[in-house]
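Everything below concerns the one structure shown next.
No value in this document is a laboratory result; all are computed from the given coordinates. If you're wondering where the values come from, they're calculated on a predicted model, not measured in any experiment. All Cβ positions, glycine included, derive from the backbone under ideal geometry; neighbour counts span all protein chains shown.
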Amino acid sequence: MALFNFHTHNHYCDGYFAPVIYVEEAIRQGFTDLGFSSHSPLPFENSFAIKNDEELVVYADEIRALKLAYQDKINIHLGLEIDFIPGVTKPFNHFKTIAGLEYVIGGVHLINIKDHDDIWFIDGPRQETYDKGLKLLFGKDFQKAITTYWIQVREMISSQKPDIVAHLDKIKMHNKNRYFHEDESWYEAQLDDTLQLIKETETIVEVNTRGIYKGRSDELFPGIKALIKIHKLKIPITISSDAHRPEELSGFYPQTLEILKEIGFTELMIYSKSCWSELPIKTIKRRGISG
Ligand SMILES: [Zn+2]
Ligand SMILES: [Zn+2]
């Protein structure tokens with residue numbers, strides 16, 4: 001029986017404790033695999049990413065040391081959640097090379113448009129930050145704002161080729177049906193185009209539980225409607241909690257596994273022995289914290 005999470009944070013970025021604390025908790029919860037994925041360094045001041053390339057190497061060395069030290073108890077993997085901002089961030093290959101990463105999660109948290117100094121932060125706990133950035137960059141053109149997010153996600157997938165695409169429809173988190181509804185045809189077309197590209201590039205979609213256990217979203221990322229499309233397209237998925245605290249490592253896992261089974265998914269992707277492979281959902285442990 002397996003239990004895993006490839007999307008976790010720690011004190012090298014905006015997580016709260018040293019990596020070893022997450023390892024100990026993962027072992028306590030019966031995890032077989034734990035992947036670390038701190039936020040990649042960014043070329044401007046911020047409060048959530050690894051400070052710089054030198055720190056990234058220190059992070060990578062520490063995870064590799066843990067991998068060795070705990071090899072009899074748990075499989076530890078070295079990943080990175082890399083931000084993609086066209087024309088601003090370094091290529092994913094740069095980070096892969098300097099840190100010797102095993103896998104990459106590509107994520108869009110920051111939206112950038114040409115000839116504009118400000119960057120729109122679509123994530124984080126505060127709706128006001130989302131609203132402010134949206135208005136600053138796009139005024140009242142909400143459709144253009146949301147479309148720009150999806151274009152940026154597609155550009156990331158096609159140009160950077162991450163193993164996993166992070167929290168696919170996170171753009172909806174702070175929307176709360178105020179600027180757009182997910183059943184509007186233009187929105188669905190953006191989602192469909194993106195899923196088509198994901199299918200063609202064989203990118204893995206993570207089913208990210210963080211929005212729910214943090215009380216920031218009523219739905220998983222991606223939501224049920226998108227997950228049904230993903231199932232129809234036979235796109236590979238994995239489960240992750242995007243944990244920032246040790247107790248979040250399997251947050252909302254049991255319920256999510258039930259939801260996925262109900263949609264019809266039978267396999268999840270797991271990283272082992274230097275590659276991704278499918279694992280039957282029925283062999284995944286139903287342990288962990290649900291709230
Ligand atoms: Zn993220
Ligand atoms: Zn994350």
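Once region 52-78 is narrowed to residues that are part of a helix (DSSP H, G or I) and of a type in the set (Val, Ile, Thr), the residue that is nearest to Ile270 (Cα to Cα) is Ile63. Checked against (1) in contact with a helix residue (DSSP H, G or I) (Cβ under 8 Å, 6 or more places away or on another chain); (2) surrounded by fewer than 16 Cβ atoms within 10 Å (Cβ to Cβ); (3) in contact (Cβ under 8 Å) with a residue 40 or more places away in the chain, Ser272 passes all but a single condition, namely (1).
Scanning region 16-48 for residues that are within 13 Å of ligand 2 (Cβ to nearest atom) and surrounded by fewer than 23 Cβ atoms within 10 Å (Cβ to Cβ) yields His39, Phe48. Please list, ordered by first then second residue, the pairs with beta carbon atoms under 8 Å, 6 or more apart or interchain, first in region 99-127 and within 19 Å of Tyr59 (Cβ to Cβ), second more than 16 Å from ligand 2 (Cβ to nearest atom) and of a type in the set (D, E, K, R). What qualifies is Gly100/Arg64; Val104/Lys96.
Looking only at residues of region 215-237 that are among the charged types (D, E, K, R) and either crowded, with 24+ Cβ neighbours inside 10 Å or free of Cβ contacts under 8 Å to residues at least 60 places away in the same chain (or both), we find that the one that is nearest to ligand 2 (Cβ to nearest atom) is Glu219. Set side by side, the residues Ser277, Ser240 differ, and just one is surrounded by fewer than 18 Cβ atoms within 10 Å (Cβ to Cβ) and under 19 Å from Ile76 (Cβ atoms), which is Ser277.
In summary, Thr238 fulfils each of the numbered conditions (1) under 17 Å from the mean Cα position of the chain (by Cα); (2) β-branched (Val, Ile, Thr); (3) under 30 Å from Asp141 (Cβ atoms) with the single exception of condition (3). Do you know which residues across region 248-267 are more than 16 Å from ligand 2 (Cβ to nearest atom) and touching an Asp or Glu at 6+ places or on another chain (Cβ under 7 Å)? If the condition is that a residue be more than 16 Å from ligand 2 (Cβ to nearest atom) and touching an Asp or Glu at 6+ places or on another chain (Cβ under 7 Å), then Glu267 is the only one that fits.
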